[in-house]
Protein chains: 2
Amino acid sequence: MNKQHVSHPSLDKIQDRIDAIVNFIPGCDSQLLMLRVLMKLITADLNERMREVLREHDFHPVSFTALIMLINSNGAPLNPSELSDMTGESRANTTRICDELVASGYLERHANPEDRRRVDLFLAPAGEEAARTLLPAVHSRVLAPLKSLTATDRDGLEATLKHLLATLEVDKDGACPAASR
Amino acid sequence: MNKQHVSHPSLDKIQDRIDAIVNFIPGCDSQLLMLRVLMKLITADLNERMREVLREHDFHPVSFTALIMLINSNGAPLNPSELSDMTGESRANTTRICDELVASGYLERHANPEDRRRVDLFLAPAGEEAARTLLPAVHSRVLAPLKSLTATDRDGLEATLKHLLATLEVDKDGACPAASR
DNA sequence: CTTTTATGATTCACGAATGTATTATTAATA
DNA sequence: TATTAATAATACATTCGTGAATCATAAAAG
């Protein structure tokens, strides 16, 4: 089978590249570049693993993520804007994904009785079943490797990423420089 | 101007969703799901910021990332496979990106004298100039917000992500379970 | 030396995702 | 109350990215 993305480069080679960039353009922060590259490579790897698992079931990572975000027991349903925010997908892509899930019988769109601009999203029984069936395999292949981190590291990573996301939110419009905590 | 992705959801709402998922499918680790969601949202946000900055200069995040990875002073040139590994893009997409950069006069492909299967990639002067011009703006809009993390947090994040990437590498073929350190 | 296997890069049909515009509806303002 | 601004969702032309195949070349095996 063709391998589209075979291996990760050594971290030393990445550092060498970043050093060349920082030498070339003073004012660039080496560590910030490294953090960006690391997040990109990790996300790319996790996405690739999800594709591998889900391809066998005619699913895609983005629509599967949307599906599991819609798992709901007695809570308020999500609307497409909320789903977009929670999955990190654009509004247009969220519409496309919802179209796909509705067409497959996994999702139902209901008009919101209180605000006719809004749509309430409900997982259909087939969607719940798909989630129940596929999430263990995705968990095993995509999430379990994160357990290689110690519990302390996972806690630290979670706290740091939450802080970072909160900061990006505040910084969203680029109006105010991010303040150090 | 249309906003395709307006705001981040509150972390509480994300946690509520994850709790619903874990209730629905026992065996799922709440924290691993949260880590995955956080990385996805942060990466999506950083990508969106890059698009905003680069759009004004007729550039795209993926081709710009490739461009800066090719900055090189006296080092060995990269080939497309190495560039693919370092940017997290597939081989096919790396070819497409190189096509685009060559067409714009930013990149040159040279045959490797020692191995005719290989291509050596060299930044053209116009590419160096584009990098020099654009990286400060990208740095300011995309990377500088990471400075909201304390130096200790950034160090911890870097160490953790490096460890995680190394583990994903070992775990690549899904053959051996990831070992805790 | 010949054959087989593997690698590096590319091609391409197809599907995924975006950016902008549109429409319907609700909220805010005058 | 009427008008204007904002919001929610969707449409769609265009661009981006993938998965499998192909070709040329080098390495390994017999």
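For B:Arg51, are the conditions met, namely being in the same structural domain as B:Asp16 (by TED's automatic domain parsing), free of Cβ contacts under 8 Å to residues at least 12 places away in the same chain and either farther than 22 Å from A:Ile14 by Cβ or open to solvent by 10 Å² or more (accessible area, probe 1.4 Å) (or both)? The answer is yes for B:Arg51. Within the stretch A:55-68, the set of residues being buried (at least 18 other Cβ atoms within 10 Å of the Cβ) and farther than 15 Å from A:Val119 by Cβ comprises A:Phe59, A:Pro61, A:Val62, A:Ser63, A:Phe64, A:Thr65, A:Leu67, A:Ile68.
No other residue among B:Ala111, B:Ala76, B:Ala126 is over 30 Å from B:Arg36 (Cα atoms), away from DNA strand C (no atom under 16 Å from the Cβ) and not assigned by TED's automatic domain parsing to the domain that holds B:Arg36 apart from B:Ala126. The set of residues in the stretch A:19-60 being within 14 Å of DNA strand C (Cβ to nearest atom) and either in contact with a strand residue (DSSP E or B) (Cβ under 6 Å, 6 or more places away or on another chain) or under 23 Å from B:Ala166 (Cα atoms) (or both) consists of A:Thr43, A:Ala44, A:Leu46, A:Asn47, A:Glu48, A:Met50, A:Arg51.
Suppose the filter is part of a loop (DSSP other than H, G, I, E, B), open to solvent by 10 Å² or more (accessible area, probe 1.4 Å), modelled with pLDDT of 95 or more and more than 10 Å from chain A (Cβ to nearest Cβ); does B:Arg117 pass it? Yes; evaluated as a whole, the condition is true for this residue.
Within the stretch B:94-108, being within 11 Å of DNA strand C (Cβ to nearest atom) and over 15 Å from B:Leu70 (Cβ atoms) holds for one residue alone: B:Arg96. Filtering the stretch A:84-97 to residues that are under 20 Å from B:Leu35 (Cα atoms) and within 10 Å of DNA strand D (Cβ to nearest atom) leaves A:Ser84, A:Asp85.
Looking at A:Gly174, A:Gly156, just one residue is among the small types (Gly, Ala, Ser), at pLDDT 95 or above and more than 17 Å from the chain's Cα centre (by Cα), and that residue is A:Gly156. The single condition among (1) surrounded by fewer than 20 Cβ atoms within 10 Å (Cβ to Cβ); (2) under 13 Å from the mean Cα position of the chain (by Cα); (3) assigned by TED's automatic domain parsing to the domain that holds B:Arg141 that B:Leu83 does not satisfy is (1). Within the stretch A:47-83, the set of residues being among the small types (Gly, Ala, Ser) and away from DNA strand D (no atom under 11 Å from the Cβ) comprises A:Ser63, A:Ala66, A:Ser73, A:Gly75, A:Ala76. Contact map, the stretch B:4-30: residues that are open to solvent by less than 60 Å² (accessible area, probe 1.4 Å) paired with residues that are of a type in the set (D, E, K, R) and at pLDDT below 90, Cβ distance under 6 Å, separation 6+ or inter-chain. Pairs shown: B:His8/A:Glu169. Annotation: of all residues in the stretch B:121-174 being in a strand (DSSP E or B) and open to solvent by less than 30 Å² (accessible area, probe 1.4 Å), the one that is farthest from the other protein chains (Cβ to nearest Cβ) is B:Leu121. For the stretch B:99-113, the criterion of being within 16 Å of DNA strand D (Cβ to nearest atom) and among the hydroxyl-bearing types (Ser, Thr, Tyr) is met by at least one residue.
The values are calculated or read from the model by the stated rules, or taken from the named source; none is laboratory data. Note that this is a predicted model, so its numbers are computed, not measured. Note that we place each Cβ from the backbone using ideal geometry, even for glycine, and neighbour counts take in every protein chain shown. Remember, those area values only see protein heavy atoms, side chains included, never the ligands or the DNA or RNA. Shrake-Rupley method; radii C 1.70, N 1.55, O 1.52, S 1.80 Å.
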